[in-house]
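The values are calculated or read from the model by the stated rules, or taken from the named source; none is laboratory data. Every value quoted in this text rests on a predicted model; they were computed, and no experiment measured them. Here the Cβ positions follow ideal geometry from the backbone for every residue, glycine too, while neighbour counts run over all protein chains shown.
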Amino acid sequence: MDVIRLALQATVDCPSCLGLLTSLKPIAVSGDDALITQLTGLCIQLGAADPDVCAGVVQGAGPVLAQDLRQINTTGPTAEKLCAALMGVCVSKVVTPFTVQFPKPAPAHPRVFKSRGRTPFRVVHLSDVHIDREYTPGSEANCTKPICCRDFADSPMTPTLPAGPNGNSNCDSPVPLADSMLEAVERLNPKFSIFTGDASFPLLSLLPQETSTRFIMRWFYSCSPMFSDTSPVNLFARSTSNTANNSQWVFDIQSAGWERWIKESAAAQVDHDSGSYAALVSGTNLRIIAVNTQYWYEQNFWLYDSDVVQPDPNGIIAFMVDQLQAAEDAGERVWVIGHIPIGGGDLLSNYYDQVLQRYKNTIVGQFFGHTHGDQFSIAYSNYSQQTAQTAVGAALIAPALTPNSGNPAFKVYDIDPDTFEVMDSSIFFSGCRLTILPAKWSLYYSARETYGPLVGLAPSAPLSPAFWHNLTQVFETNETAFQMYNTFISRGGAVSACDAACKNTTICDLRALRAENNCNVPTPGFSLRRRDGGASHESDACEGTGISRVMSNMMSALGQ
């Protein structure tokens with residue numbers, strides 16, 4: 001334990017972090033339990049978290065870190081990536097060269113989709129619901145755990161801040177809040193819904209993941225036709241990992257649970273393609289491709305168990321290409337849905353961008369979650385000349401139901417039935433601190449009504465990538481409009497001040513659906529920075545307190 005303490009205390013930059021990994025490797029070689037015991041003991045000794053939190057977090061990630069350390073050169077490129085994810089050092093935006101292969105070149109004369117001016121249909125976008133079955137009204141909402149509003153063994157007899165019936169900003173979503181959202185969705189009568197992940201917060205590993213996932217599947221059975229992505233936890237082993245794939249049970253459950261919505265063929269893809277699938281929306285020419293972005297997420301520590309470069313873990317990119325080519329050949333349009341926004345600071349996306357550029361005439365919508373914010377992000381055919389003319393794609397990012405990042409909310413899109421473009425994007429929200437049940441839901445704002453006049457949007461024009469780029473230009477010169485957007489991120493529930501420097505970073509990130517172009521500046525000691533504004537607006541609220549946060553807290557306790 002003293003070896004880890006000294007190495008951790010010395011970790012201030014990339015070389016010293018590699019030294020930390022080198023110090024940890026002999027412990028990992030002696031077995032998973034040895035590394036878990038020492039990290040847990042040091043976490044408790046330093047007061048980095050409550051003992052049960054230390055034990056739960058390290059028990060979850062420890063075996064994966066141990067496997068990483070045993071398999072890699074602790075001073076090599078993979079070790080540097082591990083340091084970037086674990087400690088926020090050795091961060092680099094240099095992309096490992098890799099050229100995505102396509103079956104056919106782009107057609108010289110791509111199909112043109114024209115609107116006939118028909119009435120749009122409605123689609124609901126849900127994300128990051130974080131349903132907490134252990135939520136207890138009246139329990140302590142101001143606790144020392146990563147998430148509160150539960151009856152912990154060490155909870156005070158008299159709460160200083162009692163948890164309300166509809167949630168609290170220190171807590172995840174009580175079941176009644178989630179139920180009230182589904183009732184609100186049903187009243188809107190959408191054609192279908194999309195869900196971009198993060199349904200449950202497995203705090204301290206107290207709830208079996210399989211039990212939790214089955215509960216979520218039952219909860220969604222009351223929803224309208226649903227298309228969903230996969231993101232229950234961070235740790236998804238690659239098919240090439242020297243271990244049993246500990247994620248297959250997730251795909252088995254979700255394949256069976258989603259079949260009623262996505263049909264047999266797509267459900268089989270969920271089971272055999274690592275949680276990704278493609279499905280045609282009934283009665284339309286719209287194909288939805290759901291991708292499991294956890295295989296590109298830096299906090300998936302299974303990505304660091306080999307020194308062999310693997311640019312397409314589990315063939316997710318190849319799966320996308322196959323489905324997009326099939327859609328192009330069939331004259332279909334495509335929506336891509338996933339959990340983590342492709343432009344986030346914690347996601348490498350150069351290879352995804354190659355796919356987007358090739359199939360830019362087929363991909364008409366991209367939808368993500370994870371940040372908990374009401375946000376968007378733009379892709380360009382030329383990132384050196386970011387203009388309305390070069391804007392070729394826009395990702396719309398849904399806010400969260402969980403109250404721990406603002407007022408609970410979901411998005412509603414009005415969709416042109418001929419082009420499948422977004423004609424309007426509206427937010428419905430609930431004031432989570434109301435004491436009456438059920439929670440009340442109402443329209444917060446419409447993007448078309450609010451932003452349209454600022455950019456001179458024509459009555460029949462969609463919310464295109466050019467629209468979103470023009471809006472960022474408005475933000476540059478119109479402080480009132482920008483601060484309104486900054487408020488909208490959290491639905492007015494957890495507004496962070498955003499000065500001129502913050503504003504510049506935010507606008508930069510809004511124009512960076514390709515991650516290497518964002519303005520993320522890493523903070524050594526913890527890689528999941530919370531940054532105000534763009535698509536990389538990030539906190540550990542989404543995936544739960546993990547080993548990176550625990551390591552950061554230990555460094556803080558050591559005076560780093």
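Can you pull out every residue in region 437-449 that is in a helix (DSSP H, G or I) and surrounded by fewer than 18 Cβ atoms within 10 Å (Cβ to Cβ)?
449
So, residue 342, is that one in a helix (DSSP H, G or I) and under 27 Å from residue 235 (Cβ atoms) or not?
In short, no.
Tell me the residue from 472, 419 that is of a type in the set (Ser, Thr, Tyr), part of a loop (DSSP other than H, G, I, E, B) and buried (at least 16 other Cβ atoms within 10 Å of the Cβ), please.
That would be 419, the only listed residue that is of a type in the set (Ser, Thr, Tyr), part of a loop (DSSP other than H, G, I, E, B) and buried (at least 16 other Cβ atoms within 10 Å of the Cβ).
Looking for something more than 30 Å from residue 418 (Cβ to Cβ), of a type outside the set (A, V, I, L, M) and touching a His at 6+ places or on another chain (Cβ under 9 Å) - is there at least one such residue anywhere in region 244-254?
Yes, some residue in region 244-254 is more than 30 Å from residue 418 (Cβ to Cβ), of a type outside the set (A, V, I, L, M) and touching a His at 6+ places or on another chain (Cβ under 9 Å).
Testing residue 399 on (1) over 17 Å from residue 337 (Cα atoms); (2) part of a loop (DSSP other than H, G, I, E, B); (3) not small (Gly, Ala, Ser), one condition comes back false. Which one is that?
The failed condition is (1).
Residue by residue through region 164-190, note down the ones that are of a type in the set (A, V, I, L, M, F, W, C) and outside any loop (DSSP other than H, G, I, E, B).
Hits for region 164-190 are 175, 177, 178, 181, 182, 184, 185, 188.
Okay, residues lined up against (1) free of Cβ contacts under 8 Å to residues at least 40 places away in the same chain; (2) buried (at least 22 other Cβ atoms within 10 Å of the Cβ); (3) part of a loop (DSSP other than H, G, I, E, B):
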| site | (1), (2), (3) |
| --- | --- |
| 303 | no, yes, no |
| 315 | no, no, no |
| 367 | no, yes, no |
| 371 | no, yes, yes |
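Counting only residues that are under 31 Å from the mean Cα position of the chain (by Cα) and in contact (Cβ under 8 Å) with a residue 40 or more places away in the chain, which one in region 23-38 is surrounded by the fewest Cβ atoms within 10 Å (Cβ to Cβ)?
Among those that are under 31 Å from the mean Cα position of the chain (by Cα) and in contact (Cβ under 8 Å) with a residue 40 or more places away in the chain, it is 25.
Yes/no per residue for (1) more than 30 Å from residue 151 (Cα to Cα); (2) not in a loop (DSSP other than H, G, I, E, B):
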position	(1), (2)
28	yes, yes
45	no, yes
73	yes, no
93	yes, no
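For a quick check of your reading of the model, give me the residue pairs whose first member lies in region 270-283 and is on the phi > 0 side of the Ramachandran plot, whose second is assigned to a loop (DSSP other than H, G, I, E, B), with beta-carbon atoms closer than 7 Å and at least 6 apart or on different chains.
So the pair list comes out as 274/292; 275/230; 275/292.
I need the full set of residues from region 154-183 which are more than 26 Å from residue 337 (Cβ to Cβ) and touching a residue at least 24 places away in the same chain (Cβ under 8 Å), in order please.
Across region 154-183, the qualifying residues are 154, 162, 163, 164, 165, 166, 168, 169, 170, 171, 174, 176.
When you go through 90, 83 one by one, which is the residue that is touching a residue at least 40 places away in the same chain (Cβ under 8 Å), at positive phi and buried (at least 17 other Cβ atoms within 10 Å of the Cβ)?
Just a single option satisfies the conditions, and that option is 90.
How about region 40-56: which of its residues are closer than 22 Å to residue 559 by Cα, touching a residue at least 40 places away in the same chain (Cβ under 8 Å) and crowded, with 18+ Cβ neighbours inside 10 Å?
42, 43, 46, 48, 49, 50, 53, 54
Scanning region 191-201 for residues that are part of a strand (DSSP E or B) and of a type in the set (Gly, Ala, Ser), which turns out modelled with the highest pLDDT?
The extreme case among them is 193.
Run residue 131 past the list (1) in contact with a Lys or Arg (Cβ under 8 Å, 6 or more places away or on another chain); (2) over 30 Å from residue 318 (Cβ atoms) and report the number of the one that doesn't hold.
The failed condition is (1).
Can you tell me which residues in region 6-18 are surrounded by fewer than 16 Cβ atoms within 10 Å (Cβ to Cβ) and assigned to a helix (DSSP H, G or I)?
Passing the criteria: 6, 15.
In this structure, is residue 212 surrounded by fewer than 22 Cβ atoms within 10 Å (Cβ to Cβ), in a loop (DSSP other than H, G, I, E, B) and either at pLDDT 85 or above or small (Gly, Ala, Ser) (or both)?
For residue 212, the condition - surrounded by fewer than 22 Cβ atoms within 10 Å (Cβ to Cβ), in a loop (DSSP other than H, G, I, E, B) and either at pLDDT 85 or above or small (Gly, Ala, Ser) (or both) - is not met.
Give the residue, chosen from 343, 338, that is at pLDDT below 95, out of contact with any Phe, Trp or Tyr (no Cβ under 7 Å at 6 or more places or on another chain) and not polar (S, T, N, Q).
The unique qualifying residue is 343.
Return the residue satisfying two criteria in turn: it lies in region 227-280 and is within 19 Å of the chain's Cα centre (by Cα) and either part of a helix (DSSP H, G or I) or acidic (Asp, Glu) (or both), and of such residues it is modelled with the lowest pLDDT.
By that ranking, first place goes to 229.
Kindly evaluate residue 422 against the criterion of being in contact with a Leu (Cβ under 8 Å, 6 or more places away or on another chain) and in contact (Cβ under 8 Å) with a residue 60 or more places away in the chain.
So residue 422 does not fit the description; no.
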